[in-house]
Amino acid sequence: SQPPELRWLVVPHLRRGRTAGGMAPPFHPVATLGRMVQSAEQEDGVYLIAVAGSQRVRLTEIPSDGPFRQARIEVLPDVPSSDVERAMAELCQAAMAWARLVGREADGLLALFGEPFAHGEGLYRVGDLLMTDADARQGLLEARDPAARARRVLDAVADQIIRAHARGASPRRGA
């Protein structure tokens with residue numbers, strides 16, 4: 001087993017189709033670099049792992065004769081954004097409105113807002129909870145403007161509010 005400082009990996013979202021050599025599906029060039037924080041081998045030899053995302057990266061695949069694909073990574077910094085604080089405030093208000101509608105269903109989301117919440121990792125974690133479509137999550141990852149990411153997650157919260165209303169939910173008092 002590798003020491004914690006060496007337990008890094010990237011699991012990119014796969015695209016449909018095959019690579020030029022026809023062997024494996026191509027992957028999206030933007031992914032998250034993550035550190036493996038926990039792993040457990042199951043009875044059937046499969047490992048369950050937990051990964052903590054660290055940075056957005058651009059991937060360039062390099063040839064590999066090994067069992068795993070390899071890539072060069074380039075860290076993708078965010079672009080400056082002047083309206084990120086406003087977008088985050090709108091997102092927080094919408095998340096609280098959704099929580100008032102659905103109660104305990106929103107506990108996981110509210111726990112994220114209870115932590116120190118920056119427009120980086122926390123925003124991806126909220127998006128992961130609310131965006132069930134892998135392509136939508138990939139779009140969130142590829143947005144380099146933090147305010148644009150907040151607006152994408154805000155759209156996902158708005159969708160959850162619409163679904164809750166369609167199920168007949170109404171705001172809970174004191175929530």
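A compact table of results
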item: Mean residue ellipticity (222 nm) of the chain, computed from DSSP H runs ≥ 4 via -39,500 (n - 2.57), nearest 500; result: -12000 deg cm²/dmol
item: Sulfur and carbon atoms: percent of accessible area, the chain [1.4 Å]; result: 53 percent
item: Relative contact order %, the chain, counting alpha carbon pairs below 8 Å whose residues are six or more apart; result: 19 percent
item: Span-like helix ranges in the chain, DSSP H, alpha carbon extent 15 angstrom or more, Kyte mean at least -1.0; result: 84-102, 146-166
item: Residue-wise HN-Hα coupling along segment 47-56, computed from phi with Karplus coefficients 6.51, -1.76, 1.60 (Hz; x: Gly, Pro); result: 9, 9, 10, 10, 10, 9, x, 10, 8, 7
item: For the chain: accessible area per residue (Å², 1.4 Å); result: 64 Å²
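The values are calculated or read from the model by the stated rules, or taken from the named source; none is laboratory data. Treat the numbers as computed from the prediction; the structure is a model and nothing was measured. Just so you know, the surface numbers come from the protein's heavy atoms only, side chains and all, with ligands and any DNA or RNA stripped out. Shrake-Rupley method; radii C 1.70, N 1.55, O 1.52, S 1.80 Å.
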